[in-house]
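Read through the structure below, which is laid out as structure tokens, and then see the notes.
The values are calculated or read from the model by the stated rules, or taken from the named source; none is laboratory data. Remember, it's a predicted structure, so these values are computed and weren't measured experimentally. Ideal geometry is used to build each Cβ from the backbone, glycine not excepted, and the neighbour counts take in all protein chains shown.
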């Protein structure tokens, strides 16, 4: 490596663009994607990157991999896979909070190995919310461990996070500017970082199991009024007394319910909420009041376990907490509880739910009415509605959306607006499994392998093309595609080599390679605290490769340290996963630094140690 390179005009211009990018990301005067677009245009206009190559970032493997992982995640979301997972986690934890948190974090970490980290966090936020509503685990005690596991799990594969996705493209670019006689840098295979990712994920799980969770509980206890937090109950349980789980009751030949209508069964003493009925091939959520119950019918009810158990015993019904026949109907991705207000212009004012035939004609069960701070639950179907009433519904989300179009109800609960397809769950999981098998056994590029799975989901109807387009985060795509040429310019202009050469000149002779790796990891982590992980990767990988060549190290190892360290930001909102968790959990900067700071240092040590073992 020639350390006597002179600083040319091209180098000055590239370094100026790097400084401009970092300043804009730090002070947020201009949107990140606009900054990337400006940088790309300047590189093309000044000739630092050939005009015919300047848009190459948009067609690169990195961008296509991000698009593919985002669409695959959307397909799994449409089938309600993560909501099923929440139920499974609750069953497997057997009511033990530590086990529940451990299982949730571990599963989130594994999910993040094949999906973009922000996408996984977006899917786990409602899962965490559902768990918080049914256990004493608040969002504050859940979201940081889950976020950390997602960040760590992203290191299991080369498609788990944006820096690793970018890495191979940057390594291939570095090959174009290697000194003569230097061996070509080979791209990393799909599971190349697996040992490092396993070590990071295990460290994160153990950290929160034995230290971090206690710290979060301590911080939570000191917050607000200084008292220990009370048990978290769901909003609807607090506001309306609507609580309990969903159970399935099977009607036996001895049951007095045989031949009764749903309306008659609802009026029985201490009957739970009757929300679904399956008789023969006829399955209804919000069954009409005149629908009859027969031998072999499956009834979906909601209520406290003891109440449902007593009702089942008195009516000779077989009770099951596992929804064998009605599982798809009660999948939270497809149905749930919501609130709606009756506006003054509504046509339902003065009418009862029975007269409106809400269940028969609109597929909606009315569970309660909040009127002038009074909750009405008894004989709710025969209560005339008034303007301003807050109604509590249970319905399929599509039926709720259809009812909302009439303007007779204004729905105030956020719910999935798009069509949910829980019946496609097995197909989506099979396609996902086949995609992973292809990635493991073939030599196809990662982006092509992932797009094979996307094509499968589109062809089988798991997703529609318009939904796939809507799932893509175009801001991320433009930011990445616009900044990729900056990494190329760092290499081609010699700016990266100049920085590396002068860095080596300033260091004492004979300095161990691992010390350089540790310094590189810490510097990249510092960059990631103030600029995006994508920006830190693009700036630092060319420098890392040239630094390795100058110091006699392994360029691939140095570059991998940078890509992994770029995601090592667990303390500030510049990490998109952490930013998504800070709002709902109401973390303070003090809490983030106190709890996540030690884990970030542990992350750096594990990465450097594992890299030296592997390379």
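Can you confirm whether residue 268 is modelled with pLDDT of 85 or more, farther than 30 Å from residue 586 by Cα, in contact with a helix residue (DSSP H, G or I) (Cβ under 9 Å, 6 or more places away or on another chain) and surrounded by fewer than 18 Cβ atoms within 10 Å (Cβ to Cβ)? Walk me through how you get there before you give the answer.
Values: modelled with pLDDT of 85 or more: yes; farther than 30 Å from residue 586 by Cα: yes; in contact with a helix residue (DSSP H, G or I) (Cβ under 9 Å, 6 or more places away or on another chain): yes; surrounded by fewer than 18 Cβ atoms within 10 Å (Cβ to Cβ): yes.
For residue 268, the condition - modelled with pLDDT of 85 or more, farther than 30 Å from residue 586 by Cα, in contact with a helix residue (DSSP H, G or I) (Cβ under 9 Å, 6 or more places away or on another chain) and surrounded by fewer than 18 Cβ atoms within 10 Å (Cβ to Cβ) - is met.
Restrict the check to the stretch 310-318 and report whether at least one residue is modelled with pLDDT of 85 or more, touching a strand residue (DSSP E or B) at 6+ places or on another chain (Cβ under 6 Å) and loosely packed, with under 14 Cβ neighbours inside 10 Å.
Taking the stretch 310-318 first, the residues modelled with pLDDT of 85 or more are 310-318.
From the residues that got through so far, the ones that are touching a strand residue (DSSP E or B) at 6+ places or on another chain (Cβ under 6 Å) too are 312, 317-318.
If we keep only those that are loosely packed, with under 14 Cβ neighbours inside 10 Å as well, we get 318.
Looking for residues that are modelled with pLDDT of 85 or more, touching a strand residue (DSSP E or B) at 6+ places or on another chain (Cβ under 6 Å) and loosely packed, with under 14 Cβ neighbours inside 10 Å, one finds at least one in the stretch 310-318, hence yes.
Mind checking which helices (runs of 4 or more DSSP H) fall wholly inside the stretch 65-138 and carry at least 3 residues that are in contact with a helix residue (DSSP H, G or I) (Cβ under 9 Å, 6 or more places away or on another chain), modelled with pLDDT of 80 or more and surrounded by fewer than 24 Cβ atoms within 10 Å (Cβ to Cβ)? Don't jump to the end; show me each part of the working.
On the way: elements: 81-93, 97-111, 117-134.
Counting at least 3 such residues, we get 97-111.
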Practice item. Kindly check whether there is at least one residue in the stretch 386-393 that is more than 26 Å from residue 283 (Cα to Cα) and not assigned by TED's automatic domain parsing to the domain that holds residue 351. Key: no
Exercise for review: Having 3 or more residues that are within 25 Å of residue 63 (Cα to Cα) is the bar; report the helices (runs of 4 or more DSSP H) wholly within the stretch 394-479 that clear it.
Suggested key: 425-441, 446-459, 465-471
**Study point:** Lone unmet requirement of (1) under 18 Å from residue 289 (Cα atoms); (2) in contact (Cβ under 8 Å) with a residue 40 or more places away in the chain for residue 423
**Key:** (1)
Practice item. Check whether at least one residue in the stretch 369-386 is closer than 28 Å to residue 80 by Cα, over 25 Å from the mean Cα position of the chain (by Cα) and assigned to a loop (DSSP other than H, G, I, E, B), and report yes or no. Key: no
Check your understanding: Scanning for something within 36 Å of the chain's Cα centre (by Cα), at pLDDT below 85 and closer than 30 Å to residue 75 by Cα, does the stretch 285-299 turn up at least one residue?
Key -> yes
**Study point:** Residues of the stretch 437-457 classified as within 21 Å of the chain's Cα centre (by Cα) and closer than 19 Å to residue 426 by Cβ, total
**Key:** 3
**Study point:** Condition broken by residue 600, with the remaining ones in (1) part of a helix (DSSP H, G or I); (2) modelled with pLDDT under 90 satisfied
**Key:** (2)
Review point. Quick one: is residue 391 surrounded by 17 or more Cβ atoms within 10 Å (Cβ to Cβ), out of contact with any helix residue (DSSP H, G or I) (no Cβ under 7 Å at 6 or more places or on another chain) and either modelled with pLDDT under 85 or in a strand (DSSP E or B) (or both)?
Key: yes
Review point. Within the set of pairs 6 or more residues apart or between chains, which connect a residue that is farther than 29 Å from residue 615 by Cα inside the stretch 557-577 to a residue that is assigned to a loop (DSSP other than H, G, I, E, B) with Cβ atoms less than 7 Å apart?
Key: 574/531; 574/532
Revision key, fill the gap. Of those in the stretch 557-587 that are outside any helix (DSSP H, G or I) and modelled with pLDDT of 80 or more, the residue farthest from residue 529 (Cα to Cα) is 587
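Output the number of residues of the stretch 354-364 satisfying the condition of being more than 13 Å from residue 339 (Cβ to Cβ) and touching a helix residue (DSSP H, G or I) at 6+ places or on another chain (Cβ under 6 Å). Quick ask: steps written out before the conclusion?
Quick first cut of the stretch 354-364, residues more than 13 Å from residue 339 (Cβ to Cβ) only: 354-363.
From the residues that got through so far, the ones that are touching a helix residue (DSSP H, G or I) at 6+ places or on another chain (Cβ under 6 Å) too are 354, 362-363.
Counting residues in the stretch 354-364 that are more than 13 Å from residue 339 (Cβ to Cβ) and touching a helix residue (DSSP H, G or I) at 6+ places or on another chain (Cβ under 6 Å) gives 3.
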Revision key, fill the gap. Scanning the stretch 353-375 for residues that are free of Cβ contacts under 8 Å to residues at least 40 places away in the same chain and crowded, with 17+ Cβ neighbours inside 10 Å, the one farthest from residue 268 (Cα to Cα) turns out to be 356
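When you look at residue 483, is it touching a residue at least 24 places away in the same chain (Cβ under 8 Å) and not in a helix (DSSP H, G or I), yes or no?
no
Determine, yes or no, whether residue 606 is out of contact with any strand residue (DSSP E or B) (no Cβ under 7 Å at 6 or more places or on another chain), at pLDDT 95 or above and part of a helix (DSSP H, G or I). Talk me through it step by step, then tell me what you get.
Working: out of contact with any strand residue (DSSP E or B) (no Cβ under 7 Å at 6 or more places or on another chain): yes; at pLDDT 95 or above: yes; part of a helix (DSSP H, G or I): yes.
In short, yes.
Looking for whichever is touching a residue at least 60 places away in the same chain (Cβ under 8 Å), over 28 Å from residue 500 (Cβ atoms) and out of contact with any strand residue (DSSP E or B) (no Cβ under 6 Å at 6 or more places or on another chain) here; the options are 147, 173. Which one fits? Reasoning before the result, please.
Numbers: 173 fails: over 28 Å from residue 500 (Cβ atoms).
The match here is 147.
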Review point. Are there any pairs, at least 6 apart or on different chains, whose C-beta atoms fall under 6 Å, with the first in the stretch 437-461 and over 18 Å from residue 165 (Cβ atoms) and the second modelled with pLDDT under 90, and if so, which?
Key: 457/75
